[in-house]
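One structure is given below, encoded as structure tokens.
What follows draws every value from the coordinates through simple rules; no lab data is involved. As the structure is a computational prediction, the values presented were derived from the model and not from experiment. FYI the Cβ positions are ideal-geometry reconstructions off the backbone, even for glycines, and counts take in every protein chain you see.
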Amino acid sequence: MKNHIVTAFRLTFVMLAVVGIYLLIVYGGSKVLPTKGDAEIITHNGQKFYANIGQEFKSEKYFHGRPSSVNYNAAGSGGSNKGPSNEEYLETVQKRIDTLKMNHQAMGNAKVPVELVTASGSGLDPDISEEGALYQVKKIAEVRNLSEEKVRNLVKNQAEKPFLGLFGTSKVNVLKLNIALDQLK
């Protein structure tokens, strides 16, 4: 019995050391990121917004992010847990595609970017691909009475390139893009 207790204590201390070292590596790694591992808070028109959490934009004059399976509630982060073979999920995605095409008729039969019709795993993704933002340019330009070129250039300027030019894809933070859009003259 004594051997089992000693072994259990040794294993506990080894695991504490391993987990502790892992936590230090993750914490130290987060400090080299641009936000130093902290939430990015943006103040706009006297309101505070978290740029790291997806926001819902209902107006046609704004870019829209990914659909949220948790209604953009950061306290209840989570996905729908429905896979691509689930009929209900496929119907939901098809309805989103139909609605998007109806709202963006000027795009004709252009390919719909996947993130505009599927929710992320957390339901709170703040970013869309550059293609997802460009898909919405014609509608935004029309509603705001701006040139498509001006809005397209705004998207290009707001796009974050892949880390080190290698990791990930070009993405656009929807909140930052919409704030920049409000500031366009």
With x for Gly and Pro, the residue-by-residue ³J(HN,Hα) of the stretch 58-74, computed from phi through the Karplus equation 6.51 cos²θ - 1.76 cosθ + 1.60 at θ = phi - 60° and given in whole Hz, is 8, 5, 5, 7, 10, 6, 10, x, 5, x, 10, 7, 10, 6, 6, 8, 5
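Please express the shape of the stretch 56-183 as an equivalent ellipsoid: the semi-axes are the square roots of 5 times the eigenvalues of the C-alpha gyration tensor, given largest first in whole angstrom. Numbers along the way, then the final one.
Details: eigenvalues 113, 67, 41 Å².
Each semi-axis is the square root of five times an eigenvalue, giving 24, 18, 14 Å.
Report the relative contact order of the stretch 56-183, percent, no decimals, based on alpha-carbon pairs under 8 angstrom and at least 6 residues apart. Before the final figure, lay out the partial values.
Numbers: 170 pairs, mean separation 37.1, N = 128.
That works out to 29 percent.
To the nearest 20 debye, what charge dipole does the chain have about its Cα centre, counting +1 at the Cβ of each Lys and Arg and -1 at the Cβ of each Asp and Glu? Walk me through the numbers on the way to the answer.
Numbers: 23 positive and 18 negative charges, 81 e Å.
So the dipole magnitude of the chain works out to roughly 380 debye.
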Straight distance only, please: which lysines reach the Cα of Lys36 with their own Cα at less than 21 Å, same-chain residues fewer than 8 apart left out? Lys48, Lys161, Lys171, Lys176
Evaluate the Kirkwood expression for the hydrodynamic radius of the stretch 1-128, namely the inverse of the mean inverse distance over all pairs of different C-alpha atoms, and round to one decimal in Å. 18.7 Å
Select from Thr92, Thr12, Thr35 the residue whose mean-square fluctuation is largest in a Gaussian network model of the chain (Cα-Cα springs shorter than 10 Å). Thr12
Please list, ordered by chain and number, the residues whose modelled amide H lies under 5 Å from the amide H of His44; skip anything fewer than 5 residues away on the same chain. Phe49
Binning at 5 Å from 0, report for the stretch 126-185 what percent of all alpha-carbon pair distances ends up in each bin. 4, 20, 30, 24, 12, 6, 3, 0
Mean Kyte-Doolittle hydropathy of -0.5 or higher plus an axial Cα length of 18 Å or more: which whole DSSP H helices in the chain meet both? 2-30
